[in-house]
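Enquirer: Before we start, here is the structure in question, set down as structure tokens.
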Amino acid sequence: MTYFHEYTTDFTISVDENEEEFTTVEVEIYLEQTYAGCPAYISGPPEDCYPAEGPEWELDSIYLRFSKTHKLKVTEEDFIALFGREFFNKCCEKAEEEGNESPRD
């Protein structure tokens, strides 16, 4: 079974380079779990033991939502061009952290 996780955050930007007019943009990041992880095995001979491994995620899609009815799908490259790699990495890290903490249905 494939498991997906949706992470949503929002931020405020100025509109049309007007510093007095702002809008809120919501970023929706969808991740697909590619590996569920495994618990540690710590009993028995040392050569049979191994540490726990967390889940692994892969970016599925990114959307920018401007209102309840206006949503735009963007590529990773477009998102980075618009907002920078640092913001992209921060959003993806937060999405993975939230995905790791969320219960599976």
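Enquirer: So which residues in segment 52-66 are more than 12 Å from GLU96 (Cβ to Cβ) and either exposed (fewer than 10 other Cβ atoms within 10 Å of the Cβ) or touching a residue at least 24 places away in the same chain (Cβ under 8 Å) (or both), if there are any at all?
Expert: The initial filter retains those residues of segment 52-66 that are more than 12 Å from GLU96 (Cβ to Cβ), namely 52-53, 60-66.
Selection gives ASP60, SER61, ILE62, TYR63, LEU64, ARG65, PHE66.
Enquirer: May I ask you to list the residues in segment 90-105 that are without any contact (Cβ under 8 Å) to a residue 24 or more places away in the chain and in a loop (DSSP other than H, G, I, E, B)? Full working, then the answer.
Expert: Looking only at segment 90-105, we keep the residues that are without any contact (Cβ under 8 Å) to a residue 24 or more places away in the chain, and these are 90, 93, 97, 101, 103, 105.
Answer for segment 90-105, where residues must be without any contact (Cβ under 8 Å) to a residue 24 or more places away in the chain and in a loop (DSSP other than H, G, I, E, B): PRO103, ASP105.
The numbers here are math on the coordinates, done by the rules we state, and not lab data. What you see is a predicted model, and the numbers here were worked out from it, not measured in a lab. Quick reminder, even Gly has a Cβ in these numbers, built from the backbone with ideal geometry, and neighbours come from all protein chains shown.
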